[in-house]
Amino acid sequence: MEVYHRTLYEQPPALGGSPAAVAVDRVIRRALAKRPEDRFPSASEMGDALRAVRQVGDTGEARAHAITG
């Protein structure tokens, strides 16, 4: 029951560290969103967001819209 409750109501711990790790965390969180309408509409769009993470520099600002939607 504990695992079931966590799956339905809780989020996993956030990744921290570099701007790229934080950007990956945003993509993962969007993919795991509890409400289907908050998730990526397609695998292709999630792939675009993951590819955008590769372009994140030290500032973490590159293509933020593609990552967060």
Check: When the solvent-accessible surface of protein heavy atoms is calculated with a 1.4 angstrom probe, in what order do D25, D38 fall, highest first?
Finding: D38, D25
Next item on the list: Please arrange R6, R30 by accessible surface area, largest first, computed with a 1.4 Å probe and ligands excluded.
Entry: R6, R30
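So how do M46, M1 rank on accessible area, 1.4 Å probe, biggest first, that is with the largest at the start?
M1, M46
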Notebook entry, point to check: Can you pull the accessible area of R26 for me, 1.4 Å probe, Å² to the nearest 10?
Noted result: 80 Å²
Notebook entry, point to check: Can you pull the accessible area of L50 for me, 1.4 Å probe, Å² to the nearest 10?
Noted result: 80 Å²
Checklist line | Radius 12 Å from Cβ of K34, net charge of other residues (Lys, Arg +1; Asp, Glu -1) | finding: +2
Item checked: Computed Rg/Rh of region 1-47, alpha carbon atoms with Kirkwood Rh -> 1.03
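The values are calculated or read from the model by the stated rules, or taken from the named source; none is laboratory data. Bear in mind that the values here come from a model prediction, so they are computed numbers and not experimental data. All Cβ positions, glycine included, derive from the backbone under ideal geometry; neighbour counts span all protein chains shown. Keep in mind that these areas ignore ligands, DNA and RNA; they rest on the heavy atoms of the full protein, side chains included. Shrake-Rupley method; radii C 1.70, N 1.55, O 1.52, S 1.80 Å.
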